[in-house]
Amino acid sequence: MVAEVVSSARSNLNQWSYAQQRRIEPLLVHDIQVSEVEHWTTPATNTIKVNVDGAIFEATNSFGFGFIARRSDGTFVEVVSVGKMDRVSLEIAEISAYSVSSMQMVLQEKIKQVVMVKTYEKIPDLLTSFDQARQNPNPFSFLSALPLMSRTQIIDEILQSLIPIRPRSRPQIAYACLLSYTLESPNPLPLSLVVLQRTLRSGCVPVPQTHLALSSVWLKHYHHEPHSIQDILKEMKSIGYNPDCGTCNYLISSLCAVDQLTEGVKVLKGMAQAGCIPDSESYDTVIKAMCKVRRTAEALDMIMKMVQKVGLTPRQGTLVKVVAALRANREMWRAVDMIEFLEKAGHVIGFESYELVVEGCLERGEYILAGKVVVGMTNKGFLPYIGVRQKLVQRLASIGEWKLACDVRQRFAELQS
């Protein structure tokens, strides 16, 4: 342990000594009265000082740069550190730090000016022109200094101003920045749901990281605040918006994506009470998530509720997922019961679902059941794959079910002709 500490200390000393030998004068600063003592000094009142620095790492063929922005009272505005794989001079590393920090400060100031005069329609073009500067920190982070009500009003006005902009994809960066900012803000709900709703209605797709951020915010808010699901969704109405299926479905998919299926089901059940009737996408998302973890009993129950109580039709892709999960669980009788239930309710079953059921029955040795499914399948005009047809006839014959084997074979011949 002592040897490791000594080795680490010697390594750090060598690096520091090497850096001192390679020192250069600060870039863009020409003050002959600069003190030799390296201590931060406060800027003038009501100003922000930005300190930048860069470093090169020859051993790894990389360099890094960063900046710290602080107010006159010493409090931090932003701290940014960036690392890149490339071989550059130390001067270039420091110039990179200065240029990035400068662009970020300029972008934020321009956004502030736009907000002050309410010319929000300029925001998309501003964000596009400052491509690198909008990454970190968020260009809307200055809004955190405002009271919650003022902040909410400004974001609402920005969202409304983006609606008429064409093409509709033009404000995508603005939506992304606003969504990221609201999700990371101290009071993310319901404002982030409002931004998400406007993003989805514009036809824009949130970045993939939004699923994790939204689910984290939702779980934290739901478990720490004494509110029901419907109450949280209804909070959107307090700022002039109504919860809709698109927003709720994205929330459900986000929760399911991070293995919070139970929470996703709670949102599904709370939608109607919040004035938002679930649609096929709502149920399909939950059912597919249930199939992924082989919770087949719950998936079948959800299909029955979807069909009987809500009057919706399950998508063919969802039915295939359910049959595949039942096949993996060796529950082929339940798969057959599901198909019969849906057919009696007047819903169409696709070829792939039938095929999976027949193959599953053959795997489990349920040859008579497979024959009955094939009879229903052929009545719909579907013909199993040739390997399945041959195997079924052979297996039925091997257990003495000659009549059923002949009937099945006759149906195959009729469809082929």
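Site pair ALA413 and LYS344 shows an inter-label distance of 3.4 nm when each label is modelled 7 Å from Cα along Cα→Cβ. Overall, the anisotropy analysis places region 101-220 in the rounded class: the square-rooted eigenvalues a ≥ b ≥ c of its C-alpha gyration tensor yield a/c less than 1.5. The phi torsions of region 253-264, fed into the Karplus equation with coefficients 6.51, -1.76 and 1.60 and a -60° offset, translate into couplings of 5, 5, 5, 5, 5, 10, 6, 10, 4, 4, 5, x Hz, rounded to whole numbers, with Gly and Pro shown as x. Go through LYS266/LYS305; LYS288/LYS391; LYS220/LYS292; LYS288/LYS344 and tell me which ones have a Cα-Cα distance over 19 Å in this structure. Among LYS266/LYS305; LYS288/LYS391; LYS220/LYS292; LYS288/LYS344, the Cα-Cα distance tops 19 Å for LYS288/LYS391; LYS220/LYS292; LYS288/LYS344. For SER180, the accessible area of its heavy atoms, probed at 1.4 Å with every protein chain present, is near 50 square angstrom.
Filter the GluC sites (Glu not before Pro) in region 331-399 to those in DSSP coil with at most 12 other Cβ atoms within 10 Å of their Cβ, and list the result. Mind dumping the intermediate values first?
Working: sites: GLU331, GLU340, GLU343, GLU352, GLU355, GLU359, GLU363, GLU366; in loops: GLU331, GLU366.
Nothing satisfies the criteria.
When VAL388, VAL106 are compared by accessible area of protein heavy atoms, the largest-first order is VAL106, VAL388, using a 1.4 Å probe.
With every protein chain present, what is the per residue accessible area of region 345-415 (1.4 Å probe, Å²)?
52 Å²
Extending 7 Å from Cα along the Cβ direction at ASP231 and again at ALA397 yields two label points whose distance is 6.9 nm. A 1.4 Å probe over all protein chains sorts HIS223, HIS211, HIS347 by accessible area into HIS223, HIS211, HIS347, starting with the largest. Size descriptor for region 259-304, Kirkwood hydrodynamic radius: 10.7 Å (Cα pairs only, one decimal).
Take the Cα of LYS220, step 7 Å toward its Cβ, do the same at ARG201, and the gap between the two points is 2.7 nm.
The values are calculated or read from the model by the stated rules, or taken from the named source; none is laboratory data. Keep in mind that this is a model prediction, so the values were computed, not measured. Positions of Cβ are backbone-derived with ideal geometry, glycine not excepted, and every protein chain shown enters the neighbour counts. Surface accessibility is based on the protein's heavy atoms, side chains included, excluding ligands, DNA and RNA. Shrake-Rupley method; radii C 1.70, N 1.55, O 1.52, S 1.80 Å.
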